[in-house]
Amino acid sequence: MNKRDVYITEVALRDGSHAMAHQYTVDQVTRIARGLDEANVPYIEVAHGDGLGGSSLQYGRSATDELELIRAAASVCSRSKIAVLLLPGIGTVHELKAAEEAGAKMARIATHVTEADVSKQHIHMARDLGMETVGFLMMAHMAPVEELVTQARLMESYGADTVYVVDSAGTLLPHQVTERIKALRQSLRINIGFHGHNNLSLAMANSLAAMEAGTTYLDGSIRSLGAGAGNTQTEVMVAVLDKMDINTGVDLSTMMDLAQDIVAPILPKPQEIEKGSLILGYAGVYSSFLLHSERAAQKYNLDIREILVELGRQKVVGGQEDMIVDVAQNLAKKKEALI
């Protein structure tokens, strides 16, 4: 892989799985992965939206086994490396080993921002398998900067090559991103990355703030295909960085064609900032809760904002999707009692 100023990981085939209700087909993944490889994107993340092993009633059943999708993507990539996400407690080292055998070359081990200690076994396993290893600190807004640094140091001590600040709720403001990245840059010897969501229309601004503060790894999603209002739009990020003379190694023209001709037609709906995704960012709620909350709001005849604000008040985090229905039921009961 040629030297680049910034290394982009394309997350549409994982984070975008949320927006696709986990219904990706082999043909869709193959066509998108082939186009990303032709565009020379360094890393392509492929998995269930909630990571390896995520296909379940709680998180959403996949239409196609994720190992089949990983194999399909790997089979058409000669330049891009396939990455996978694993949340300890959802995925296991067995799924990680299977993903590596299917062609994955990078493991991104994701924990809540205060729970890096549960990543140790999985980071060790990824290193033993010869994979590049990334620590993924989700919901980064929910910890003070000092705690974020402590947790990142743990992941570094376990052997992570890179640690990410993950704005899972799309709630961080640019100066908050700068503060967190600078703190990690001053405290770690390894690479720093940033993963943003666009719920407050700040994903691009936050990615630039992260880069200017010292990140060399940035996540993007073609056509913004991701949870909530989506992620930093990859083809836009490539264009902006190119205008700044930042070398990503990614071919902009190929990315634009791929976004327009192959990705746009499969979108269930345009990735835009609607009422629900805006409240995700405003209330600091996990972006993948959007579809679950929309369904609960419809079932219990509630405004989605009521559910998301209450989830934010209770500081519910990823892995607690079952709480969405509980919150909706309680809100509906309270309303009924007032009638």
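For the reader, a short list of remarks on this structure follows.
- GLY228 passes every criterion in (1) among the small types (Gly, Ala, Ser); (2) more than 19 Å from the chain's Cα centre (by Cα); (3) under 30 Å from VAL41 (Cβ atoms) apart from (2).
- Test: GLU147 is acidic (Asp, Glu), in contact with a helix residue (DSSP H, G or I) (Cβ under 9 Å, 6 or more places away or on another chain), on the phi < 0 side of the Ramachandran plot and assigned to a helix (DSSP H, G or I): no
- Residues satisfying the stated conditions in region 81-96, i.e. within 26 Å of ARG34 (Cβ to Cβ) and open to solvent by 30 Å² or more (accessible area, probe 1.4 Å): LYS81, GLU95
- Filter result for ASP5 (of a type in the set (D, E, K, R), within 17 Å of PRO270 (Cα to Cα) and either without any contact (Cβ under 8 Å) to a residue 24 or more places away in the chain or out of contact with any Asp or Glu (no Cβ under 6 Å at 6 or more places or on another chain) (or both)): no
- Within region 208-230, at least one residue is closer than 19 Å to ALA104 by Cβ and among the aromatic types (Phe, Trp, Tyr).
- For first residues located in region 15-36 and over 21 Å from SER253 (Cβ atoms) and in contact (Cβ under 8 Å) with a residue 24 or more places away in the chain, partners that are open to solvent by 20 Å² or more (accessible area, probe 1.4 Å) and among the basic types (Lys, Arg) and lie 6+ apart or on another chain with Cβ distances below 8 Å form the pairs HIS22/ARG61.
- All told, ALA183 meets the bar of being in contact (Cβ under 8 Å) with a residue 12 or more places away in the chain, small (Gly, Ala, Ser), open to solvent by 10 Å² or more (accessible area, probe 1.4 Å) and not in a strand (DSSP E or B).
- Criterion (open to solvent by 20 Å² or more (accessible area, probe 1.4 Å), modelled with pLDDT of 95 or more, out of contact with any Ser or Thr (no Cβ under 8 Å at 6 or more places or on another chain) and assigned to a helix (DSSP H, G or I)) met by exactly one of SER78, SER157: SER157
- All conditions in (1) of a type outside the set (D, E, K, R); (2) out of contact with any Phe, Trp or Tyr (no Cβ under 7 Å at 6 or more places or on another chain); (3) closer than 25 Å to SER17 by Cα hold for SER168, with the sole exception of (2).
The values are calculated or read from the model by the stated rules, or taken from the named source; none is laboratory data. What you see is a predicted model, and the numbers here were worked out from it, not measured in a lab. A quick note on method: Cβ atoms are made from the backbone with ideal geometry, for glycine too, and the neighbour counts reach across all protein chains shown. Accessible surface areas use protein heavy atoms only, side chains included; no ligands, DNA or RNA. Shrake-Rupley method; radii C 1.70, N 1.55, O 1.52, S 1.80 Å.
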